[in-house]
Amino acid sequence: MKLVSGALVKFTVGLLLVGALLFVPAGGFFYPNAWLFLGLLFVPILLLGTVLLFKAPALLEKRLNAKEREGTQRGVVAISALLFFVGFVVAGLDFRFGWSQVPTWAVIAASAVLLISYALYAEVMRENAYLSRTVEVQEGQKVVDTGLYAIVRHPMYAVTVWLFLSIPVVLGSWWSLLCFLPYLPVIIVRICNEEKILSAELDGYADYKKRVRYRLIPFVW
């Protein structure tokens, strides 16, 4: 029950916070793209959370833990939160004052990318039972090198890049997209720092890096 209540509280707070960041700048609740985004994001979160509750409660508990202990990672989390805050507010203001026009086909395509990205995110969680929201090496942890982890070393981050960059397009704001673009260098910093920790503390990770060359994008980086 403690896990259920904790998950529901975080889900509700997240929904209300994101809603406020979108609807207040938009000047009201008539912001169709915001409603579309909230549905695309929070319905899958609720479904995935329910599945984890019954199938992998320990993994759900780890995903709810967002307290980074490492200094670089705390900075990455803080900057990412700031980018989201600014990006959502700008999207709401963009809708309110009509700064940019995103065609319907682009919104539909971005919605599809968001859903596919979330499905891949769920697949990464299924493949790697050691996933947590903090950078850490857990007791008994082993290197996962199958599935998406055989293609890139950080499939979760690869998926989140597509997911996060689709958000402003779903919200119908090119200006918001500019606010989300700095997420790319931020996630690169997180990956480089995380790999130092994993190479030093996780047995077999150095060999894994030799087998899977690319971190985020196949044949690129």
Margin query: Quick check on this structure: which one of PRO182, PRO168, PRO218 is closer than 18 Å to ALA109 by Cβ and either in contact (Cβ under 8 Å) with a residue 60 or more places away in the chain or in contact with a helix residue (DSSP H, G or I) (Cβ under 9 Å, 6 or more places away or on another chain) (or both)?
Written below: PRO168
Checklist line | Checking PHE54 against (1) modelled with pLDDT of 80 or more; (2) farther than 18 Å from LEU163 by Cα; (3) not basic (Lys, Arg), the condition it does not meet | finding: (1)
Check: Here are some residues: PHE37, PHE11, PHE42. Which one is in contact (Cβ under 8 Å) with a residue 12 or more places away in the chain, surrounded by 13 or more Cβ atoms within 10 Å (Cβ to Cβ) and touching a Ser or Thr at 6+ places or on another chain (Cβ under 9 Å)?
Finding: PHE37
Item checked: Qualifying residue in the stretch 65-82 (condition: among the hydroxyl-bearing types (Ser, Thr, Tyr), at pLDDT 80 or above and part of a helix (DSSP H, G or I)) -> yes
Next item on the list: Filter the stretch 25-34 for residues that are assigned to a helix (DSSP H, G or I) and either under 18 Å from the mean Cα position of the chain (by Cα) or surrounded by 13 or more Cβ atoms within 10 Å (Cβ to Cβ) (or both) and give the result.
Entry: PRO25, ALA26, ASN33, ALA34
Next item on the list: Can you tell me which residue among ASP207, ASP203 is in a loop (DSSP other than H, G, I, E, B) and either of a type outside the set (A, V, I, L, M, F, W, C) or more than 25 Å from ALA106 (Cα to Cα) (or both)?
Entry: ASP203
Check: If you scan the stretch 88-100, which residues turn out to be assigned to a loop (DSSP other than H, G, I, E, B) and touching a residue at least 12 places away in the same chain (Cβ under 8 Å)?
Finding: TRP99, SER100
Next item on the list: Within the stretch 184-191, identify whether any single residue is at pLDDT below 90, in contact with a Leu (Cβ under 6 Å, 6 or more places away or on another chain) and surrounded by 15 or more Cβ atoms within 10 Å (Cβ to Cβ), and answer yes or no.
Entry: no
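The values are calculated or read from the model by the stated rules, or taken from the named source; none is laboratory data. On a predicted model such as this, the values are computed, not experimentally measured, just so you know. Note that each Cβ is placed from the backbone with ideal geometry, even for glycine, and that neighbours are counted across all protein chains shown.
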